[in-house]
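Just below is one structure, and these are the notes that go with it.
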Amino acid sequence: MKKLIFPMFFLVFFACSSDNESETTTIIDESSVDITSVVQANFTNSYTNDVSVAVSGDYITISSTGLPDHKTPYWGSGHEMYEDFPGTNHANANTSMVAHNYAMTIPIYPQEAINKEETELGAVGMALNGAPIYNDYEGSGVLTEIAWSTFDSTGAHPGPGEDYHYHCEGTYLSVDENNLIGFLRDGFPVYGRKDADGSYPNDLDENGGHTGTTNDFSDEIYHYHISSEEYSTSGLFVIKSGAYHGTKGTFTQ
Ligand SMILES: [Zn+2]
Ligand SMILES: [Zn+2]
């Protein structure tokens, strides 16, 4: 009987050590950068004054109503911040926008995830004025002309929940520039189409980002760029498609 115990014990030990091996392959990004001061310095809403930033432990939470601080037809005719649609084909734009109670919580030290999670419908990030950033999906599929014909001059519109959000580059966020426009839910910053030196990045990964210095980060940090490829026949440039580089935090409403 005693002889049987040894092989059994050995088997269990072997299984444990193989488990440990897979755990130690976790990527620890030792070059991760603290985003706190850049988040605190840049999130603001000059019109509604409704954006606040709170640090708690290793996370930072940005709260907002999601209403923009610029002109859009979605304020409604007669509003002091009303302007007409940029095009003539906006028959499907029949919703208004209302204030929400958003809170996006992101890691102070964003890190690359081992398994890159695809972005989905809904808020994938937040622009610097507190309005959500969406990807290239709308309703049951990718953006179509029905959707982009309802965009205002800033590449945004409200969804069925009267939730105003950006899909594309536009007059508020960036127009072929290199400025910071917001952060995605994984804590990594998003920039306009260009890099700090004014050139178009030529080494973006499949998720639209790469690592390097920016106007805001003197240490190299992973950051996304607005796509510099026109989206379909829209004449527009999508902010984000593909997966998160890091692990997404929460975005509540
Ligand atoms: Zn949308
Ligand atoms: Zn870049």
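We did not get these values from a lab; they are worked out from the coordinates using the rules stated. Remember, it's a predicted structure, so these values are computed and weren't measured experimentally. Here Cβ is always computed from backbone atoms with ideal geometry, including for glycine, and neighbour counts include all displayed protein chains.
Some values worked out for this structure:
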quantity: Enumeration of residues in region 223-253 that are among the polar types (S, T, N, Q) and either outside any loop (DSSP other than H, G, I, E, B) or farther than 18 Å from Y200 by Cβ (or both); calculated: S232, T233, S234, T247, T250, T252, Q253
quantity: Restricting region 161-213 to residues that are of a type in the set (F, W, Y) and in contact with a strand residue (DSSP E or B) (Cβ under 7 Å, 6 or more places away or on another chain), the residue that is farthest from ligand 2 (Cβ to nearest atom); calculated: Y164
quantity: Top-ranked residue of region 119-175 - restricted to ones that are aliphatic (A, V, I, L, M), within 9 Å of ligand 1 (Cβ to nearest atom) and over 16 Å from the mean Cα position of the chain (by Cα), ranked as surrounded by the fewest Cβ atoms within 10 Å (Cβ to Cβ); calculated: A147
quantity: Any chance A113 is within 14 Å of ligand 1 (Cβ to nearest atom) and either under 22 Å from T211 (Cα atoms) or surrounded by 14 or more Cβ atoms within 10 Å (Cβ to Cβ) (or both); calculated: no
quantity: Residue identified as surrounded by 14 or more Cβ atoms within 10 Å (Cβ to Cβ) and of a type in the set (F, W, Y) among Y222, Y200; calculated: Y222
quantity: Number of the condition not met by D216 [criteria: (1) closer than 23 Å to Q40 by Cβ; (2) in contact with an Asp or Glu (Cβ under 6 Å, 6 or more places away or on another chain); (3) within 16 Å of ligand 2 (Cβ to nearest atom)]; calculated: (2)
quantity: Within region 40-145, strands (runs of 3 or more DSSP E) holding 3 or more residues that are among the hydroxyl-bearing types (S, T, Y) and away from ligand 2 (no atom under 16 Å from the Cβ); calculated: 59-64
quantity: Region 212-238 residues that are in contact (Cβ under 8 Å) with a residue 60 or more places away in the chain, paired with ones that are within 16 Å of ligand 1 (Cβ to nearest atom) and acidic (D, E) (beta carbon under 6 Å, 6 or more apart); calculated: F237/E169; V238/D136
